[in-house]
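Below: the structure, in structure tokens.
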Amino acid sequence: MNAFRWWRGLVSAFGLLYLLRLLLPLPFANEVIIFSIYTIGCNFLLGHVGLISFGQPAYLAVGAYATASYLYYFGTNPYVGILMGVAGGLAASLFVGPFFVRLRGDYFALVNLALAVIVFYLTQNVLVAITHGDNGLLIVDRLSRTPVLDLSRPNQFFIFALLIAFAVWAFYKYLDDSIYGACCLAAKINENKLRFLGYDDRGIRLLAFVIANTTTALAGAMYAVYLGFVSPEITSPARAADPLVVTILGGVGTLYGPIVGAVVYTGMMDLASKFMSNWELIIGIVLVFVMLAGEKGIWGTLEPRLKRALLSPAAGSRPIKGASR
Amino acid sequence: MSTDIIRADGVTKRFGRFVAVDRIDYGLRENEVSGIIGSNGAGKSTLFNLLTGYCAPDEGVIHYRGQDITRVTPQERVARGITRTFQLTSAFDNLSVVDNLVLAFFRAHRQPSLLRLLINRRKRHRDAEQIGETLQTFGFDGIRDREVKRLGLGEKRRLEIAMAVLSEPKVLLLDEPLAGLAESEIKGVLDVLRRRRGLQAILIVEHKISHLQDLVQRLTVMHEGRIIADGTCEECLSDAAVRRSYWQIDVAAGREAVAP
């Protein structure tokens, strides 16, 4: 296993993502990265803490609107805007977290969905004076040019997004290797026992909730800057299951599942929507097959084989690597 | 008795009209290995739950090292050194053997604030000396990285006792640690328990007496919510009341098994 030292895994994953940018259109690569950051929070909650949430768009929207509002009304620096989005997500998850993490299973899933619906109507109707309702907030021409990486230019935004994603993945990898990571997995399986061992199970879940949803808000903030536009569409309840779908597609609880899932999901969306109007049907069918194939998802199935192939000197790893795309 | 480390005085627990534990006085001395036996419904599990705080008595008090802990929560009792295992094993299925031990060990030796949990690496603690010793003592050397869900029942029981022991309790309460185990596995668990003798007070609740005979220094027999005998194994076995209530059940069951 030493050959799979964590930093090597990280570097090669992001090296592949960078190559993706050379092979595929830039908007696609940017969307994939934002989508994987969006998904990793959901993946962590579901795979490591056992919390299933149907309301991730709520936190995505909080991040996106916090960023867009700052850039629309106050400043022009996109970096500050993204920080505002993260702060907004942190504040929102700290605010609702203590109440939400008391809930279990279905109730947790649905209370988050309810929050997404609330955020949707807040942005669409109630706060029209600030959010401009369905017209949304257009910030694309308000972004100031920044030194080093100019986020208003898609190719430089891509490098920025790649660096942020790398940091996010390193952080989640770090979490997984800490005692806290073991506590999360333990809370997933038997929180009473964990409490009985003397750990603060609610604090552990709350921290996971805050971390995951702040990451989701970060994705929202990046999305706002990338698109230069935010509308209530972002939190539409119809899209509520998106991160769950990508999580399951990629492989629940795996480190790189969200990236693989995002590549496949965004790819299918792009491809299928070119040829037919009901592209969601294709995704539905693919998802059914992935689940029937053993609930491990694409990366969950490929990872052990890839490791074996890389660790045994005789086997060529090329074909498998190609398939993981 | 002042030498008792944990002691129940006149405790009664009713479930509706059913009296599960009826005005019982029971004390466990420091570093004593003691057993409670009795048939189903004798009240031994309820007494166990009263001692560990899983339910509160309707009457009576429970003292631990001279302090009244009748209303103290189970978690707080753990923190003070009263650790129990469960009949249904409850080690964390999705973690490896060694990570389960790390969690038990870390809690016992550090204040597990969220920050401490975040800054401490699992890997470093896996190699801690005490974890290594425990792995060896409990026979987990070859399977330290195996996920718990892939262990046998006997191994899970041993792991659970190992986790309890790692937290260095003053009182170790074992709820039917031998139930459902094969003979060879029973031997493994008993070996481990024998090695813990004299290191802390151990109370074992069991169904059958046969396995406890050469392990416990003192035996208590319960029947219908009351203690009917208390003493060495020999004393208990020769006691008239025990013969009437406890052995009769076994004898009757034996006959039934032979009859057809």
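Rounding to the nearest 10 and keeping the result within 0 to 90°, find how far the Cα-based axis of helix B:97-109 lies from the longest principal axis of chain B.
90
What do you reckon, how do A:H48, B:H223 stack up by accessible area (1.4 Å probe), largest on top?
These residues rank, largest area first, as B:H223, A:H48.
Between B and A, buried accessible area summed over both sides at probe 1.4 Å, in Å² to the nearest 100?
2500
How many percent of DSSP beta bridges within chain B run antiparallel, rounded to 5? Please report the intermediate quantities before stating the final value.
On the way: 21 of 38 bridges.
Here the antiparallel bridges make up roughly 55 percent for chain B.
May I ask for the equivalent-ellipsoid semi-axes of the protein assembly as shown, computed as the square root of five times each C-alpha gyration tensor eigenvalue and listed largest first in whole Å? It would help to have the intermediate numbers written out before the result.
Values: eigenvalues 638, 140, 89 Å².
For the protein assembly as shown, the ellipsoid semi-axes come out as 56, 26, 21 Å.
Any idea what diffusion coefficient the stretch B:190-237 gets from Stokes-Einstein, in µm²/s, Kirkwood Rh on alpha carbon pairs, 20 °C, 1.002 mPa s?
184
Using only atoms on other chains, find how many Cβ atoms lie within 10 Å of each Cβ of peptide B:100-107 and report the average.
4
In whole Hz, what ³J(HN,Hα) sequence does the stretch A:30-39 give by Karplus (6.51, -1.76, 1.60; θ = phi - 60°), x for Gly and Pro?
With coefficients 6.51, -1.76 and 1.60, one gets 4, 4, 4, 5, 4, 5, 5, 5, 4, 7 Hz.
Can you give me the accessible area per residue for the stretch A:168-325, using a 1.4 Å probe, in Å²? Each step should come with its number before you reach the end.
Working: 6580 Å² over 158 residues.
Per-residue accessible area for the stretch A:168-325 comes out at 42 Å².
Strictly over 19 Å apart at the Cα level, which of B:K44/B:K187; A:K193/A:K296; B:K44/B:K149; B:K156/B:K187; A:K296/B:K156; A:K173/A:K307 would you flag in this model?
In this structure, B:K44/B:K187; A:K193/A:K296; B:K44/B:K149; A:K296/B:K156 exceed 19 Å between Cα atoms.
Order B:F18, B:F92, A:F229 by their accessible area, 1.4 angstrom probe, all chains in place, largest first. Write out the running numbers ahead of the final one.
Numbers: B:F18 115, B:F92 0, A:F229 70 Å².
Order by accessible area, largest first: B:F18, A:F229, B:F92.
At 1.4 Å probe radius, can you tell me the per residue accessible area of chain B in Å²?
On a per-residue basis, chain B sits at 46 Å².
For B:A79 and B:R121, what is the calculated FRET efficiency with R₀ set at 35 Å and r taken between the beta-carbons, to the nearest 0.05? All intermediate terms of the calculation are to be shown ahead of the outcome.
Working: r = 25 Å, r/R0 = 0.70.
Given R0 = 35 Å and the Cβ-Cβ separation, E is 0.90.
Using the Kirkwood radius over C-alpha pairs as Rh, can you work out the diffusion coefficient of the stretch B:1-66 via Stokes-Einstein at 10 °C, viscosity 1.306 mPa s, in µm² per second?
Numbers: Rh = 12.2 Å.
Stokes-Einstein gives a translational diffusion coefficient of 130 µm²/s.
Would you kindly calculate the translational diffusion coefficient of chain A, applying Stokes-Einstein with the Kirkwood radius from alpha carbon pairs, for 4 °C and a viscosity of 1.567 mPa s, and quote it in µm² s⁻¹ without decimals? Can you show the working numbers first?
On the way: Rh = 20.3 Å.
The calculation lands on 64 µm²/s.
Can you give the Rg to Rh ratio of the stretch A:45-172, both from alpha-carbon atoms, with Rh computed by the Kirkwood formula?
Radius of gyration relative to Kirkwood radius: 1.01.
If amide hydrogens are placed 1.01 Å from N in the peptide plane, which non-local residues have theirs closer than 5 Å to the one on B:E59?
Residues meeting the amide H criterion: B:T12.
Under a point-charge model restricted to the Cβ atoms of Lys and Arg (+1) and Asp and Glu (-1), what is the dipole moment magnitude of chain A relative to its Cα centre, in debye to the nearest 20?
About 920 debye.
Per the 1.4 Å probe, what fraction of the accessible area of chain B, in percent, lies on carbon and sulfur atoms? Before the final figure, lay out each step's value.
Values: 5780 of 12010 Å².
Carbon and sulfur atoms account for 48 percent of the accessible area of chain B.
Which whole number gives the average, over all residues in B:82-94, of C-beta atoms from other chains lying within 10 Å of the residue C-beta? Intermediate results must be reported in sequence, preceding the final value.
Numbers: counts 0, 3, 1, 0, 3, 0, 0, 1, 7, 4, 11, 5, 9.
Mean partner shielding for this stretch: 3.
Considering the options A:H48, A:V101, A:A64, tell which one lies farthest towards the positive end of the dipole of chain A, charges being +1 on Lys and Arg and -1 on Asp and Glu at the Cβ, about the Cα centre.
The residue sitting most towards the positive pole is A:H48.
If amide hydrogens are placed 1.01 Å from N in the peptide plane, which non-local residues have theirs closer than 5 Å to the one on B:T70?
Amide H neighbours of B:T70: B:I62.
Quick one: Karplus J couplings for the stretch A:187-203, per residue in order, coefficients 6.51, -1.76, 1.60, θ = phi - 60°, nearest Hz, x for Gly and Pro?
Taking θ as phi minus 60°, the curve returns 5, 5, 8, 7, 6, 5, 5, 4, 4, 5, 5, x, 9, 8, 5, 6, x Hz for the stretch A:187-203.
Using θ = phi - 60° and the Karplus curve 6.51 cos²θ - 1.76 cosθ + 1.60, what whole-Hz ³J(HN,Hα) does each residue of the stretch B:236-242 get, with Gly and Pro shown as x?
Residue by residue, the stretch B:236-242 yields 5, 5, 8, 5, 5, 5, 5 Hz.
For the pair A:F171 and B:Q111, what calculated FRET efficiency results from E = 1/(1 + (r/R0)^6), where r is the Cβ-Cβ distance and R0 = 30 Å, to the nearest 0.05?
0.80
How much solvent-accessible surface does B:I5 expose, in Å² to the nearest 10, with a 1.4 Å probe and all protein chains in place?
Result for B:I5: roughly 0 Å² accessible.
What does the stretch A:1-103 give for Rg and for Dmax, in Å, if only its C-alpha atoms count?
According to the Cα coordinates of the stretch A:1-103, Rg and Dmax are 17.0, 52 Å.
Roughly how compact is chain B, stated as its Cα Rg over 2.2 N^0.38 Å to two decimals? It would help to have the intermediate numbers written out before the result.
Details: Rg = 19.3 Å, N = 260, 2.2 N^0.38 = 18.2 Å.
Expressed relative to 2.2 N^0.38 Å, the Cα Rg reads 1.06.
What fraction, in whole percent, of alpha-carbon pairs in the stretch A:99-207 exceed 22 Å separation?
In whole percent, the long-distance tail amounts to 63.
Would you calculate the separation in nanometres between label points at B:R17 and A:L163, each defined as 7 Å from the Cα along the Cα-to-beta-carbon direction?
Result for the modelled spin labels: 7.7 nm.
Given +1 on the Cβ of Lys and Arg, -1 on the Cβ of Asp and Glu, and no further charges, what dipole in debye does the stretch A:176-299 carry about its Cα centre, rounded to the nearest 20?
180
On alpha carbon coordinates alone, what is the Rg over Rh value for the stretch A:156-221, Rh being the Kirkwood radius?
1.11
Taking H as built 1.01 Å from N, whose amide H comes closer than 5 Å to the amide H of A:F229, not counting residues under 5 places away?
A:I139
Just to confirm the filter: which trypsin sites (Lys or Arg not before Pro) across the stretch B:75-165 are DSSP coil and have at most 13 other Cβ within 10 angstrom of their Cβ?
B:R110
Using just the Cα positions, wrap the stretch A:156-280 in a convex hull and report its mean projected area in square nanometres, one decimal place.
The directionally averaged projection comes out at 9.4 nm².
Measure off, as a whole percent, the carbon and sulfur share of the 1.4 Å-probe accessible area of chain A, all protein chains present.
C and S fraction of accessible area: 66 percent.
The values are calculated or read from the model by the stated rules, or taken from the named source; none is laboratory data. Since we're looking at a predicted model, the values are computed, not measured. Ideal geometry is used to build each Cβ from the backbone, glycine not excepted, and the neighbour counts take in all protein chains shown. Accessible surface areas use protein heavy atoms only, side chains included; no ligands, DNA or RNA. Shrake-Rupley method; radii C 1.70, N 1.55, O 1.52, S 1.80 Å.
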